[in-house]
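Step one of this worksheet: look at the structure below.
The values are calculated or read from the model by the stated rules, or taken from the named source; none is laboratory data. Since this is a predicted model, take the numbers as computed values, not measurements. Positions of Cβ are generated from backbone atoms using ideal geometry, with glycine treated the same way; all protein chains shown enter the neighbour counts. Each accessible area value is taken on the protein alone, full model and side chains, heavy atoms only, with ligands, DNA and RNA left out. Shrake-Rupley method; radii C 1.70, N 1.55, O 1.52, S 1.80 Å.
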Amino acid sequence: MNNRFALIMAACIVAFAGIFWFNKHKTTTHSGSKSSTTQPSNHQYGDGKKAVTLIEYGDLQCPACYYYEPIVEKIRDKYKDSINFQFRNFPLVQIHQNAMAAHRAVEAASIQGKFWQMHDLLYQHAHQVDDKGSVSDIEWTTTTNPQTYFDQYAAQLGLNVSKFDQDMRSDGVNNVINADMAAGDAIGANSTPTFVLQGKKLDENPRDLNSFSKLIDDAIAAVKK
């Protein structure tokens, strides 16, 4: 582990602890209507040949999720032929003013087949880290009107921007996000990122690729028994 990554992870732990404290002391508020018939999202990455599923409940504006994203990307790449990785929406709307809009953006992009591309773009343009490991907000996280940025990203991905904007405002997109949040609540998620492996919430997030890999390898081995 190089020094820069160690600094990033140290900052991540601090940010994660702060977010956990905040959510422990404040009830989550779901935005918009909730449909009891809407199922949680099913954004899958990987073939799942080993019958193992890893779910991340994440907030696209969350610094801790941003810090974890390089590890998650390595997990996705390493196990793309083995496990089924899923991302579900869990915006912390009390502390991240643009989080709900960002999650509407990825769900709207999903309708046009570009969920993961928009997911990755939003993380890339949410924060930046300096050589000392300090994080700062950029682009869509700094503005009171993030829609301009989202439209730019949609155009960059070749989406129909008018349809994208319409889908972002739709009840269907809002209901999917709320269904994800309800599913997260049901398994005890109260901070982000929260990881669920084989239906069980991890009580403590692995802090590096090797620790994560061991948990996944153990899950794969358990399936074989």
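Just to make sure I understand: if all protein chains stay in place, what is the order of T37, T148 by accessible area at 1.4 Å, largest first?
T37, T148
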Practice prompt. Assuming a ≥ b ≥ c are the square roots of the Cα gyration tensor eigenvalues, decide whether the range 37-142 counts as rounded (a/c under 1.5), prolate (otherwise, with a/b larger than b/c) or oblate.
Written response: oblate
Discussion item. Please list 3J(HN,Hα) in residue order for the range 65-78, calculated via the Karplus relation 6.51 cos²θ - 1.76 cosθ + 1.60 where θ = phi - 60°; whole Hz, with x for glycine and proline.
Written reply: 5, 4, 5, 6, 4, x, 5, 4, 4, 5, 5, 4, 6, 5
Worksheet, complete the sentence: Karplus-derived 3J(HN,Hα) from phi for the range 187-196 (6.51 cos²θ - 1.76 cosθ + 1.60, θ = phi - 60°), whole Hz, x at Gly and Pro, runs 9, x, 5, 9, 6, 10, x, 10, 10, 10
Worksheet, complete the sentence: Label model pair T142, K201: point-to-point distance (7 angstrom along the Cα→beta-carbon line) in nm is 3.5 nm
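Is the shape of the range 76-199 best called rounded, prolate or oblate, per the rule: a/c under 1.5 gives rounded, else a/b larger than b/c gives prolate, else oblate, with a ≥ b ≥ c the square roots of the Cα gyration tensor eigenvalues? Kindly include the intermediate steps, with their values, before the conclusion.
Values: a/c = 1.32, a/b = 1.12, b/c = 1.18.
Taking the square roots of the gyration eigenvalues as a ≥ b ≥ c, the range 76-199 is rounded.
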Worksheet item: Got a number for the accessible area of T192? Probe 1.4 Å, square angstrom, nearest 10.
Response: 0 Å²
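Which order, highest average first, do 173-180, 71-78 follow once you tally other Cβ atoms within 10 Å for each residue and take the mean per peptide? Write out the running numbers ahead of the final one.
Values: 173-180: 22.8, 71-78: 16.9.
Taking the mean over residues of other Cβ atoms within 10 Å, the ranking is 173-180, 71-78.
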Worksheet item: For the range 151-204, what class follows from the C-alpha gyration tensor (a ≥ b ≥ c being the square roots of its eigenvalues): rounded when a/c is under 1.5, otherwise prolate if a/b is larger than b/c, else oblate?
Response: prolate
Response to the item:
Non-local residues with an amide H under 5 Å from the amide H of R88, with H modelled 1.01 Å from N and Pro and chain starts lacking one, are E56, Y57, G58
